[in-house]
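Colleague: Sending over a structure as structure tokens; questions will come in a sec.
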Amino acid sequence: MKILTESRAFYPSVGGLEMMAEGLSTTWQKRGHNVRVITATPLHEQKELEALDVIRQPSTSEWIQQLRWADVFFQNGVSLRSLGYPLIMRCPIVYRHPNLLTSNKDGFDLPNQLKRWATHLGYNIASCQAVANTILGPAEIVPNTFRPIFDREGKSDSERQGLLFVGRLVHGKGIDIALDALYQLHQKGKCYSLTICGGGKDRELFKKRTAMLGLAEDVTFVGWTDSKELSQKYAHASAVLVPSRYEAFGIVALEAIACGCPVVASNVGGLPESVGECGILVESENPAALAEGIEKALNPAVRSQLRDAMPAHIARHRINRVADAYLEVIERYVEEVS
């Protein structure tokens, strides 16, 4: 089968969207399919990927040429800018939905409504049930994968120390909730440390809150961390905190579990599916509940149960299994519409 994958964000850019596009396309190619990737992301001075045929910043004529070649158009996240091309060329469309098709704007959000309407024009694959619930067209669920660098044996509890947060330093990720929970634990004489990996517009606000709570000696802001170093931090942390106010899926939770690290996460969005039985889910925006969840996750008996669930959970999310599940959906849909 000839698959044209569009991912507006792609290598050398780094992120979950880029990771999924490259991982899926490369695996499909290994399965014997002919895959091309089309993207708006420039290469700059980086070396092009050898495993894939990549068309960057295509012209209209290049779009038409590639869609004439393709058996199916796989769009990695709905993009209204390019959606007209496969419609005009009558190429079957399969969308991958990594995010909720909801709007944070007040009033009528025309672009979001058009994206929701567009889901009727093809078949849809959602990363979790929370995302599927926002799709108007026909849809089924295939979970996200994670970067292979995180697929490693974790350290024993005797080699693990401290709590870890990984993500953008913005209000929605709930870092203030984590700091308040840590403060409550310190008030009880349980002085855990917290390492915060990531950058964002609210970094200074969170550093000020850390100082205000008297936690400056126990909270470390390390900034952006590359995947190799991050895998080490996952492997050595006692627990990873994901206190998000909202989350479409929660790839951080999956990365942590792949490194053998239990997770304490908000019970919102796709996090229940990302965490599975490998962590503790707590009420969102509730520091007391998060503090209680942390204590539970650090209990040796509970940790043993969480660890027992990890191998099967990670097996369901490895790229080969995820890519094959996507292929099954794509092949079935193409056969139905041909």
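The values are calculated or read from the model by the stated rules, or taken from the named source; none is laboratory data. None of these values were measured; they are calculated from a predicted model. Neighbour counts are summed over all protein chains in view; Cβ atoms, including those assigned to glycine, are modelled from backbone coordinates with ideal geometry.
Colleague: Scan segment 276-288 and report the pairs whose first residue is free of Cβ contacts under 8 Å to residues at least 60 places away in the same chain and whose second residue is of a type in the set (Val, Ile, Thr), with Cβ atoms within less than 6 Å and a gap of 6+ or a chain change.
Modeller: Sorted first by the residue in segment 276-288, then by its partner, the pairs are Cys278/Ile257; Gly279/Val263; Ile280/Val264.
Colleague: Go through (1) at pLDDT 95 or above; (2) surrounded by fewer than 16 Cβ atoms within 10 Å (Cβ to Cβ); (3) of a type outside the set (Val, Ile, Thr) and name the single condition Pro111 misses.
Modeller: All conditions pass for Pro111, except number (1).
For every residue, the table says whether it meets (1) outside the structural domain of Cys261 (by TED's automatic domain parsing); (2) among the hydroxyl-bearing types (Ser, Thr, Tyr); (3) under 30 Å from Ser231 (Cβ atoms); (4) touching a Gly at 6+ places or on another chain (Cβ under 8 Å).
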| site | (1), (2), (3), (4) |
| --- | --- |
| Trp63 | yes, no, no, no |
| Arg68 | yes, no, no, no |
| Phe74 | yes, no, yes, no |
| Tyr95 | yes, yes, no, yes |
| Pro98 | yes, no, yes, yes |
| Trp117 | yes, no, no, no |
| Lys155 | no, no, yes, yes |
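Colleague: Ok, one more. Any residue in segment 306-319 that is within 13 Å of Ser274 (Cα to Cα) sitting within a Cβ distance under 8 Å of a residue that is surrounded by fewer than 19 Cβ atoms within 10 Å (Cβ to Cβ) and among the acidic types (Asp, Glu)? List the pairs, counting only those 6 or more apart or interchain.
Modeller: From residues that are within 13 Å of Ser274 (Cα to Cα), the pairs are Ala309/Glu277; His313/Glu277; Ile314/Asp151; Arg318/Asp151.
Colleague: Name the residue that is nearest to Val334 (Cα to Cα), counting only residues in segment 72-88 that are surrounded by fewer than 22 Cβ atoms within 10 Å (Cβ to Cβ), aliphatic (A, V, I, L, M) and modelled with pLDDT of 95 or more.
Modeller: The extreme case among them is Leu87.
Colleague: When segment 41-71 is examined, which residues are found to be surrounded by fewer than 17 Cβ atoms within 10 Å (Cβ to Cβ), without any contact (Cβ under 8 Å) to a residue 40 or more places away in the chain and part of a loop (DSSP other than H, G, I, E, B)?
Modeller: Residues satisfying the conditions are Pro42, Leu43, His44, Glu45, Gln46, Lys47, Glu48, Leu49, Glu50, Ala51, Gln57, Ser59.
Colleague: Next question. With the structure loaded, tell me whether Glu50 is more than 24 Å from the chain's Cα centre (by Cα) and not polar (S, T, N, Q) or whether it fails that test. So that I can check it myself, show each step before the final result.
Modeller: Working: more than 24 Å from the chain's Cα centre (by Cα): yes; not polar (S, T, N, Q): yes.
Considered against the rule, which asks whether it is more than 24 Å from the chain's Cα centre (by Cα) and not polar (S, T, N, Q), Glu50 comes out as yes.
Colleague: Could you figure out which of (1) out of contact with any Pro (no Cβ under 7 Å at 6 or more places or on another chain); (2) not in a loop (DSSP other than H, G, I, E, B) isn't true of Gly107?
Modeller: Checking Gly107 against (1) out of contact with any Pro (no Cβ under 7 Å at 6 or more places or on another chain); (2) not in a loop (DSSP other than H, G, I, E, B), the one that fails is (2).
Colleague: Something else now. Which condition number in (1) assigned to a helix (DSSP H, G or I); (2) buried (at least 18 other Cβ atoms within 10 Å of the Cβ); (3) among the β-branched types (Val, Ile, Thr) is the one that Val268 fails?
Modeller: Of everything listed in (1) assigned to a helix (DSSP H, G or I); (2) buried (at least 18 other Cβ atoms within 10 Å of the Cβ); (3) among the β-branched types (Val, Ile, Thr), Val268 misses just condition (1).
Colleague: Among the residues of segment 116-141, count how many are part of a strand (DSSP E or B) and either surrounded by 21 or more Cβ atoms within 10 Å (Cβ to Cβ) or of a type in the set (A, V, I, L, M, F, W, C) (or both). So that I can check it myself, show each step before the final result.
Modeller: In the first step, residues of segment 116-141 are kept if they are part of a strand (DSSP E or B); the result is 123-126, 139-141.
Next, from what is left, pick out any that are either surrounded by 21 or more Cβ atoms within 10 Å (Cβ to Cβ) or of a type in the set (A, V, I, L, M, F, W, C) (or both): 123-126, 139, 141.
Number satisfying all stated conditions: 6.
Colleague: Please work out if Glu6 is out of contact with any Asp or Glu (no Cβ under 8 Å at 6 or more places or on another chain) and closer than 19 Å to Leu87 by Cα. Spell out the reasoning first.
Modeller: Numbers: out of contact with any Asp or Glu (no Cβ under 8 Å at 6 or more places or on another chain): yes; closer than 19 Å to Leu87 by Cα: yes.
For Glu6, the condition - out of contact with any Asp or Glu (no Cβ under 8 Å at 6 or more places or on another chain) and closer than 19 Å to Leu87 by Cα - is met.
Colleague: Moving on to the next point. Is it the case that some residue within segment 197-204 is in contact with a strand residue (DSSP E or B) (Cβ under 8 Å, 6 or more places away or on another chain) and in a helix (DSSP H, G or I)? Break it down stepwise before answering.
Modeller: Taking segment 197-204 as the starting set, the residues that turn out to be in contact with a strand residue (DSSP E or B) (Cβ under 8 Å, 6 or more places away or on another chain) are 197-199, 203.
So of that shortlist, the ones also in a helix (DSSP H, G or I) come out as 203.
Looking through segment 197-204, at least one residue is in contact with a strand residue (DSSP E or B) (Cβ under 8 Å, 6 or more places away or on another chain) and in a helix (DSSP H, G or I).
Colleague: Quick one: count up the residues across segment 271-293 that are surrounded by fewer than 22 Cβ atoms within 10 Å (Cβ to Cβ) and farther than 20 Å from Met310 by Cβ.
Modeller: Residues meeting the conditions: 8.
Colleague: May I pose another question? Filter segment 88-103 down to the residues that are under 22 Å from Glu140 (Cβ atoms) and either hydrophobic (A, V, I, L, M, F, W, C) or in contact (Cβ under 8 Å) with a residue 60 or more places away in the chain (or both) and list them by number. Before the answer, list the steps.
Modeller: Step one: list which residues in segment 88-103 are under 22 Å from Glu140 (Cβ atoms), which gives 91-102.
If the condition is that a residue be under 22 Å from Glu140 (Cβ atoms) and either hydrophobic (A, V, I, L, M, F, W, C) or in contact (Cβ under 8 Å) with a residue 60 or more places away in the chain (or both), then Cys91, Pro92, Ile93, Val94, Arg96, Pro98, Asn99, Leu100, Leu101 are the ones that fit.
Colleague: Considering only residues of segment 151-170 that are outside any loop (DSSP other than H, G, I, E, B) and modelled with pLDDT of 95 or more, which is nearest to Tyr11 (Cα to Cα)? Talk me through it step by step, then tell me what you get.
Modeller: Our first condition is that a residue be outside any loop (DSSP other than H, G, I, E, B); within segment 151-170, this holds for 157-159, 163-166.
Checking the rest, the ones that are also modelled with pLDDT of 95 or more come to 163-166.
Details: Leu163: 31, Leu164: 27, Phe165: 25, Val166: 21 Å.
Out of the qualifying residues, it is Val166.
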